[in-house]
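Engineer: Below is the structure I would like to discuss, written out as structure tokens.
The values are calculated or read from the model by the stated rules, or taken from the named source; none is laboratory data. All figures in this text were calculated on a predicted structure; none of them were measured in a lab. All Cβ positions, even for glycine, are placed from backbone atoms using ideal geometry, and neighbour counts span all protein chains on display. Heads up: the accessible areas ignore ligands, DNA and RNA and are worked out on the full protein's heavy atoms, side chains in. Shrake-Rupley method; radii C 1.70, N 1.55, O 1.52, S 1.80 Å.
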Amino acid sequence: MATTELDDLGNRVQLPASARRVVSLVPSLTEAIATGGTSPASRARATAMVGATDWCTHPPDLKVTRVRGTKNPDLGKIVALEPDLVVANEEENRRPDLDALREAGLNVWVTRVRTVPEAFSSLRRLITVACGAAEPEWLGEAEKAWSETRNEHRREAFVAIWRRPWMVVGRDTFAGDVLSRLGVDNVFADHPERYPKISLDELRSTRVDLAVLPDEPYRFTRDDGPEAFSPLPSALVSGRHLTWYGPSLLEAPDRLRRQLDEPFRPSPP
């Protein structure tokens, strides 16, 4: 029997007893839903992912209809898939696209995640309430992994997410909360904007212990990024583990801690 529930933004969403056909417009949510669990209960109540964006790279063996990107989804193709539910995120997806899907008669569930605890509560509701599936084992294991994080030794950093122009992580972000729980304080955490543009001169003059450079959305590498801030050391980190909320949360504390503790210092020009 169908029920009506509120998504993370308070939108009323009509839900079937179990969402058997789901289209995901968010890479991390695609992985969270498609990974499922290993128990008989999880397998018995698995959700069928029928559509996902071109950027949904996990699980690697995912075989679904691709519906373009998070910011330019193919609305006609999504409607033609006749999903029980479309899952989206307030930050990743544009409101006009989601409104258009609602006007086409589709049920759209929007998530809001800006802290690690919010990630767990949002994912739990998405999987068990919105999709009507069993809670996967990895969710509780990831929650436990984050409850055991330690951050006695604190450092200050900025987190670059783009260059040309340079952009950084600002206030009220999931990535900022992840780093804070690992002992890294974002110097732009009080900036009025969530993802401000900051000039290279200002970044170079900012007093920090290191620059944090993820490999997405811009793919920073040893040869592309650290040289701009030399001799400041740069920590090259996994963007998936820094910004995705899903099964990657289980590995994220250990992997990010190792990467943050092994900063790369480019050779002087």
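Engineer: Express as a percent, rounded to the nearest 5, the fraction of DSSP beta bridges in the stretch 1-145 (both residues included) that run antiparallel. Intermediate values should be presented prior to the final figure.
Structural biologist: Working: 5 of 18 bridges.
Roughly 30 percent of the beta bridges in the stretch 1-145 run antiparallel, per DSSP.
Engineer: Let me ask something additional. Taking the stretch 156-269, how much of its Cα-Cα pair set, in percent, is spaced more than 21 angstrom apart?
Structural biologist: Working: 1806 of 6441 pairs.
Tail of the P(r) past 21 Å holds 28 percent of the pairs.
Engineer: Could I have the simple spin-label model distance between S199 and K144, label points 7 Å from Cα toward Cβ, reported in nm to one decimal?
Structural biologist: 5.2 nm
Engineer: Next question, about the same structure. Calculate the length of the line joining the C-alpha centroid of the stretch 206-269 to that of the stretch 126-158, in whole Å.
Structural biologist: That distance is 21 Å.
Engineer: W162: accessible area at probe 1.4 Å, nearest 10 Å²?
Structural biologist: Here the accessible area works out near 100 Å².
Engineer: Multiply the residue separation of N11 and R163 by 0.36 nm, subtract the distance between their alpha-carbon atoms, and state the gained length in nm to one decimal. Could you put the intermediate results ahead of the total?
Structural biologist: Numbers: separation 152, 0.36 × 152 = 54.72 nm, distance 3.53 nm.
51.2 nm is the gain from fully extending N11 to R163.
Engineer: Shifting gears a bit: With springs connecting C-alpha atoms under 10 Å apart, model the chain as a Gaussian network and identify which of T173, T30, T111 has the largest mean-square fluctuation.
Structural biologist: T173
Engineer: Separate question: Using the basic label-point model (7 angstrom from Cα toward the beta carbon), what is the T221 to V187 distance in nanometres?
Structural biologist: 2.7 nm
Engineer: On to the next question. Need one value: the accessible area of Y218 in square angstrom, 1.4 angstrom probe, rounded to the nearest 10.
Structural biologist: Y218 has an accessible surface of roughly 40 Å² with all protein chains in place.
Engineer: Now for a different question. How many percent of the accessible area of the chain is carbon or sulfur, using a 1.4 Å probe? Spell out each step's value before the answer.
Structural biologist: Numbers: 6240 of 12860 Å².
Carbon and sulfur atoms account for 48 percent of the accessible area of the chain.
Engineer: Further question on the same structure: Write down the accessible area per residue of the chain in Å², having rolled a 1.4 Å probe over the full set of protein chains.
Structural biologist: Values: 12860 Å² over 269 residues.
Result: 48 Å² of accessible area for each residue.
Engineer: Here's a follow-up. So which trypsin sites (Lys or Arg not before Pro) in the stretch 85-179 end up in coil per DSSP with only 11 or fewer other C-beta atoms within 10 Å? Don't skip to the answer; put the middle values down first.
Structural biologist: On the way: sites: R94, R102, R112, R114, R124, R125, K144, R150, R154, R155, R163, R171; in loops: R94, R112, R114, R150, R154, R163, R171.
Here the sparse-neighbourhood loop sites are R150, R154.
Engineer: Would you kindly find the accessible area of K71, with a 1.4 Å probe and non-protein molecules such as ligands, DNA and RNA excluded, rounding to the nearest 10 Å²?
Structural biologist: Here the accessible area works out near 100 Å².
Engineer: So, one more: Considering only DSSP beta bridges with both partners in the chain, what is the antiparallel share in %, to the nearest 5? Kindly include the intermediate steps, with their values, before the conclusion.
Structural biologist: Details: 10 of 33 bridges.
Around 30 percent antiparallel, to the nearest 5.
Engineer: Tell me, what does the Kirkwood hydrodynamic radius of the chain come to in angstroms if you use every pair of distinct C-alpha atoms?
Structural biologist: Working: mean 1/r = 0.0514 Å⁻¹.
Across the chain, the inverse of the average 1/r is 19.5 Å.
Engineer: Using a basic spin-label model with each label point 7 Å from the Cα along Cα→Cβ, how many nm lie between V79 and E251?
Structural biologist: Output for this residue pair reads 3.9 nm.
Engineer: Could you state, as a whole-number percent, how many of the C-alpha pairs of the stretch 1-150 are farther apart than 24 Å? Working shown, then result.
Structural biologist: On the way: 2947 of 11175 pairs.
Within the stretch 1-150, distances greater than 24 Å cover 26 percent of Cα pairs.
Engineer: I need the calculated FRET efficiency for the pair D209 and R258, taking r as the beta carbon distance and R₀ as 25 Å, to the nearest 0.05. Walk me through the numbers on the way to the answer.
Structural biologist: On the way: r = 17 Å, r/R0 = 0.67.
E between D209 and R258, to the nearest 0.05, is 0.90.
Engineer: Give, in whole angstrom and from largest to smallest, the semi-axes √(5λ) of the equivalent ellipsoid of the stretch 129-193, with λ running over the eigenvalues of the Cα gyration tensor.
Structural biologist: Numbers: eigenvalues 164, 66, 18 Å².
For the stretch 129-193, the semi-axes come out at 29, 18, 9 Å.
Engineer: Report the FRET efficiency, 1/(1 + (r/R0)^6), for R68 and R124, where r is their Cβ-Cβ distance and R0 is 35 Å, rounded to 0.05.
Structural biologist: Values: r = 29 Å, r/R0 = 0.82.
It comes out at approximately 0.75.
Engineer: Same structure again: In deg cm²/dmol and to the nearest 500, what is the mean residue ellipticity at 222 nm of the chain if only DSSP H runs of at least 4 residues count, each as -39500 (n - 2.57), divided by the residue total? Walk me through the intermediate numbers first.
Structural biologist: Numbers: 10 runs with 82 residues, N = 269.
Rounded to the nearest 500, the figure is -8500 deg cm²/dmol.
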